[in-house]
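Shown next, in structure tokens, is the structure this report addresses.
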Amino acid sequence: MIDQDVEQPSPELVRQALRGVVSSVEFRTSPRLQQFLTYIVEETLAGRGAQIRGKAIAVEVYGRSIDGSGGRNLVRVEARRLRRLLREFYEEHWDGKGVRIFVDPGGYKPRFSYEPSGEDPNSDPRTRSQTRESRHLRQLLLIGLAVLAVIAVLGTWLITGNREVQESSNSTQQAKRAALGQHSLARLQAANLADQARGMFFPVFDVKRQQIALGMFQHATELDPALPDGYAGSAQVLATLALLSRDEENRDDLLLQALEMSGMALDLSPSGAWANASNGWRLAVSNEPDEALKYARLSAELAPKDGHVLDLVGITALIANMPALAAEVSNPARSRAGSGRFGARNIWGVSQLMLGNYENVVEAFQGAPAAGAPVSAPSLIFQAAAHDQLGNFNEAQRLIGELQKTWPEFPSEFLVERIFPSDQKTRETVLGALSRY
């Protein structure tokens, strides 16, 4: 949990909150969802939250057989309904006090936030005042640190003469932030959090980094349920985790959650570039390349200089076997704006590998560290494949050796299959280099 009290609510307070939810108008006509929520809350209170699985819910709540996938699919669908009803309930009734129940995408274990109210018998007025004051100070500290971080990053960019990121609309962004702050500090905090998390998208293959970003996006939606960026960010990370997952059931579940999040983002911002780009990425990972490319091209037209959107378009084009589009949006000569770490140079390198321009591949990845671009195991793999095709066999062998030394557990063959599902030629080129060295 992020920016919440360390103290957890007692089981009695959680059950009191649960009774308020399941007896509400929103849940009154959904007895199965009442049972669903009650089951996962009680399991968590009993200390079995980590063991909550779709199979168990299918059996205990819906009376479905544990064999086959029908019960698990039903649970995934019902979990989406449960999250939607919980959101509607709290939008209507939540006053910021007491216990709030969350069921985050990607799992079924609930979590609880707790804000003591004036009516809590164990809540001392002085403690409540101190708690509010400390939370306010924490929020001010977080905002202050974020401002200092932005100043430091901008200063570094200016000193090093970074040409990849253009400060195209700094005053506009400041005005937007000021307007948000005037309207709602919670909304401003949510927007800042989503903006920080979007800068963590690369390296794409760092699962822990993706999970941290997902938590930040989810917290942004808690702070401001009407913020489309939180849902767009959650969708892009869930789709990425699905791409990286070896477990087919887990992958399907992550993609269902990504579908729900991208749907929320598009409902709130149908013309938003990030919402459309995130949905395109989800569709690409879901093996729907034609639809994915429609959303990718649209988002590039909506925000032709947004670095993060262009990166999403680029990786979508790679997965959808459209290297020309990936090369277009990641071209080093193309100006881009925004905060965070862009992956354009790496996307450009992979697009050139798919197009057979192997000298460009070597140039792109060799210059990545100096340009501040992400460096990861795939960078070494793609360089090695390019050198192998150019006849630089010693260099290819050296790079594969470095890969095995630095990332010995990296699932190279698996991810090559996932990155190039429709590009047999590139897939065979890379796998051939891996097998030779």
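The values are calculated or read from the model by the stated rules, or taken from the named source; none is laboratory data. This structure is a prediction, so every number in the text was calculated from the model and none was measured. The accessibility values were calculated without ligands, DNA or RNA, using every heavy atom of the protein model including side chains. Shrake-Rupley method; radii C 1.70, N 1.55, O 1.52, S 1.80 Å.
With all protein chains in place and ligands, DNA and RNA left out, the 1.4 Å accessible area ranks Lys97, Lys109 as Lys109, Lys97, largest first.
The overall shape of the range 30-114 is prolate: from the C-alpha gyration tensor, with semi-axes ordered a ≥ b ≥ c, the ratio a/c is 1.5 or greater and a/b exceeds b/c.
For Ile212 and Trp94 in one chain, what is 0.36 nm times their gap in residues minus the Cα-Cα distance, to one decimal in nm?
Working: separation 118, 0.36 × 118 = 42.48 nm, distance 2.65 nm.
Using 0.36 nm per residue and subtracting the Cα-Cα distance, I get 39.8 nm.
Taking the protein heavy atoms of the range 245-390 in the context of the full set of protein chains, the accessible area attributed to carbon and sulfur is 49 percent at 1.4 Å. Solvent-accessible surface of protein heavy atoms, probed at 1.4 angstrom with all chains present, puts Arg100, Arg19 in the order Arg19, Arg100, largest first. Per-residue extension of 0.36 nm, minus the Cα-Cα distance of Ser10 and Leu355, leaves a gain of 118.2 nm for this segment. When nucleic acids and ligands are ignored and a 1.4 Å probe is applied, Lys294 ends up with an accessible area of around 120 Å².
Here the translational diffusion coefficient of the range 182-302 follows from Stokes-Einstein with Rh set to the Kirkwood radius across Cα pairs; for 10 °C and 1.306 mPa s it amounts to 112 µm²/s.
Within the same chain, lysines fewer than 8 places from Lys55 are excluded, and of the rest, those with a Cα less than 22 Å from its Cα are Lys109.
For His308, the solvent-accessible surface computed with a 1.4 Å probe is close to 10 Å², ligands and nucleic acids excluded. Per residue, the accessible area of the range 200-297 comes to 35 Å², computed with a 1.4 Å probe over protein heavy atoms only. Using 0.36 nm per residue and subtracting the Cα-Cα separation, the extra length available between Ala226 and Lys55 on full extension is 58.3 nm.
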